[in-house]
Amino acid sequence: MKQHIPNFITLLNLFSGCIAVVFAVLNKLELAALFVFLGIFFDFLDGLAARMLKVQSEIGVQLDSLADMVTSGVVPGIVMFQLLNMSQTGGWSADNLIGYENTQTMIWFGGKFYTISLLGFIITLASAYRLAKFNIDEDQVSSFIGLPTPANALLVLSLPLILLYHSNDALNAIILNEWFLIVLTLLSAFLLNANIELFALKFKHWGFKGNEVRYLFLIGSLVLLLTLKFLAVPIIIVLYVLMSLLMKTSGN
């Protein structure tokens, strides 16, 4: 019975991702972000449960990647699609993000559709390729090669939340600039598949020794989140990459 517990948690990740897809398509980006965050929590929990119960399995690995493809691959692509579409309308309002009817942004059911918005799905394609490589790479156990899809999803999903909760003219102009969004899309696709070794937040034990970087990263992330809220998310992703590169340089 216990061998099914991690897989059940993984399915909760997938279920959360399915709900997030619905909200993202309806342009309710705040609710989409909520269910992506929930799915990523389940993604962390299923691996922890598998290690604690000592029931790691090949089907669990495959199922985990399939769930991540939806929650951390499909949803960020749709969100970037929506943001690029918004960048073409000449502005935004809270209605665009929480899903009230707007003929210019309710794009899937008869509303306006900008071709450039399709570039957002580069994130989905890059995520699929990254997850396929991960499934056949036996070296990515204690570290990752390239940015994990959940981290990339958090980066993309933070953008509408920054617009909604940290709204000011300067930030709005940057985030809804089509060139900023295109460059970010290409950068995230590159980072997902870059040959860069990044540490994993997998604790074999809870002691500080051997987990120094993980604890420092988690404490630093918590401080940033408490002080900067959603603005902290892009900074945390940059910090994650930089700390990983420093670890590699120092030989740790």
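The values are calculated or read from the model by the stated rules, or taken from the named source; none is laboratory data. If you're wondering where the values come from, they're calculated on a predicted model, not measured in any experiment. Here the Cβ is made from the backbone with ideal geometry for all residues, glycine too, and neighbour counts use every protein chain on show. We work out accessible area using only protein heavy atoms, side chains counted, and drop any ligands, DNA or RNA first. Shrake-Rupley method; radii C 1.70, N 1.55, O 1.52, S 1.80 Å.
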Filtering region 1-18 down to residues that are part of a helix (DSSP H, G or I), surrounded by fewer than 17 Cβ atoms within 10 Å (Cβ to Cβ) and among the aliphatic types (A, V, I, L, M) yields ILE5, LEU11
By residue number, the members of region 138-184 that are closer than 21 Å to PHE37 by Cβ and among the polar types (S, T, N, Q) are THR149, ASN152, SER158, SER167
Among (1) modelled with pLDDT of 90 or more; (2) open to solvent by 40 Å² or more (accessible area, probe 1.4 Å), TRP206 falls short only on (1)
Practice item. Please indicate, with yes or no, whether at least one residue in region 64-76 is open to solvent by 40 Å² or more (accessible area, probe 1.4 Å), at pLDDT below 95 and of a type in the set (S, T, N, Q). Key: no
Query - Yes/no for LEU118 being modelled with pLDDT of 85 or more, surrounded by fewer than 23 Cβ atoms within 10 Å (Cβ to Cβ) and under 17 Å from LEU29 (Cβ atoms) - result: no
Counting only residues in region 158-183 that are assigned to a helix (DSSP H, G or I) and free of Cβ contacts under 8 Å to residues at least 60 places away in the same chain, the one least open to solvent (accessible area, probe 1.4 Å) is identified as LEU171
Selection from region 19-44 of residues surrounded by fewer than 16 Cβ atoms within 10 Å (Cβ to Cβ), without any contact (Cβ under 8 Å) to a residue 60 or more places away in the chain and closer than 17 Å to LEU66 by Cα yields PHE41
